[in-house]
1. If one takes the longest principal axis of the Cα atoms in chain B, at what angle in degrees, from 0 to 90 and to the nearest 10, does the Cα axis of helix B:339-353 lie?
2. Regarding chain B, what whole-number volume in Å³ per residue does the convex hull of its Cα atoms give?
3. Among A:48, A:130, A:17, whose mean-square fluctuation peaks in a Gaussian network model of chain A (Cα, cutoff 10 Å)?
4. Looking at the square roots a ≥ b ≥ c of the eigenvalues of the Cα gyration tensor of the protein assembly as shown, which shape do they give, rounded for a/c under 1.5, prolate if a/b is larger than b/c, or oblate?
5. Hey, could you pull the Cα Rg and Dmax for segment B:339-434, both in Å?
6. Pull up the DSSP beta bridges for the protein assembly as shown and report the antiparallel fraction as a percent, rounded to 5.
7. Under 1.5 on a/c is rounded, so check that first for segment B:18-229, then, if it is not, pick prolate when a/b is larger than b/c and oblate when it is not; a ≥ b ≥ c are the square roots of the alpha carbon gyration tensor eigenvalues.
8. Normalising by the residue count of chain B, find the relative contact order in percent from Cα pairs under 8 Å and 6+ residues apart.
């Protein structure tokens, strides 16, 4: 269940659309739910969102399964989403992905045993001029090098403690 | 220095904020439009300017606007396409991040022209920090009377809302974007009806790219006719180019569309040449979906003329020997890069992003990816090259939206111009996993066929 504050946020989002078009709020509300409920969308969360927007649960599942930013399984506290499309590949993203795999001892799509890190490879995020790069939470980390990756991992560990 | 119209004030400290933007002439175009011009007069200026859609298709903006239906009592909507997702393209991000008020002012003028009272900015979900910047700009504009009810006492009302997507390239296609804005999967619609007649919530809707809408501001400032004097021929005005790959200075550049490709790559004002003293092998000049060109065809057309950074010159020679300006996502490959591998990453991208509605795209993109994977990993056969050619031909033109074409073109162009590199992979599977084919003959001077004797 959302807090009072988040429920107000949902109301504010719905008010952006004409009356009766509250389904348009679905993607923004799913973002909000994912942030609020541990970084992923469980079936219960999706049903809850459906009830908030007065739409059928299936309408939520359809959308949640279509968009790559919605996680349908639990993920680590910090998700490294490393871009691997052409422009990043040309600047060495493969090496960065290999380095993270070794450093964290996980494969792509896996989470470390302590539940802290998940490694994902993603397609172009629009930072081609600052490659290689990854998304970490709300922000982009650009011009990645093994040293920078080390520093990011350390930064996350410190934050988690 | 090339003349600038969008980024001429981008270097001013604090231009992101209303006070600085306004003090430097910001909202002057909106003031002019709303207070001294009718919507039709504004439309005329946009038509005169020759502005073409900056998202990739290059369709004349004034003409697109003139198509909007105006049934009595039905609201009309303007939707700003900020879903920038074409690999190699990151120009709109820069504009929104650093001069958000330029976009807000453009949206205001455009909404006034089209008669829209609600406008939505649909921004790709991964640009998660930019909505905050835009919403702050919107709040500032509202506080200063540029949004909300009775704007500057003119009686015109406008609200602008920011909506985040959630990771789907296809939502950059205008009807998929509308579906997504309605809270659905991003499946493109069958056209007609076009959005201008039946768009968002079945109402008349115009969808334009960020850069297109921002360009309306300088058009009003200097006048459509003056704007049309920038650039060459039908490539009027300036264009944002996001340059990336193996160059010395990747980044977003505003160019007047009258410079050569060679100047853009090698001058210090722009890309500053190929990184690490390497040589240029190939380039994808307009985002991942446009045809890749080898160095020799990139710098000169098949007729031996200098290739320019314009819609017409980049597409000179059609797909046989030309490419497209597209979205301005300029991807440069140096002599050490592998065209097969680069093509594989694009095929994987389009497979990942196919919405799955049309079989040729849903199945074909995955098939191309797997065949390319085999060739790249030394498991390819000669017949695979022809198979790839065959698959891409059967995707192109056989899908509801242009994603099919976008997936087919890079594969077709790579085979068309780099067939021997594909063959080398097949013939030297072991070597191909250890080293790249290199520059080969791709930068050799073009052999121009002599005109036939009369």
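1. The two axes meet at around 50 degrees.
2. 156
3. Maximum among the listed residues: A:17.
4. Note, shape of the protein assembly as shown comes out oblate.
5. 12.7, 41
6. Rounded to the nearest five, the antiparallel share is 50 percent.
7. Note, shape of segment B:18-229 comes out rounded.
8. Rounded, it is 16 percent for chain B.
Bear in mind that the values in this text are calculations on the coordinates, not laboratory data. Everything numeric here is computed off the predicted structure, so don't read it as measured data. Cβ coordinates were reconstructed from backbone atoms using ideal geometry, including for glycine residues, and neighbour counts include every protein chain displayed.
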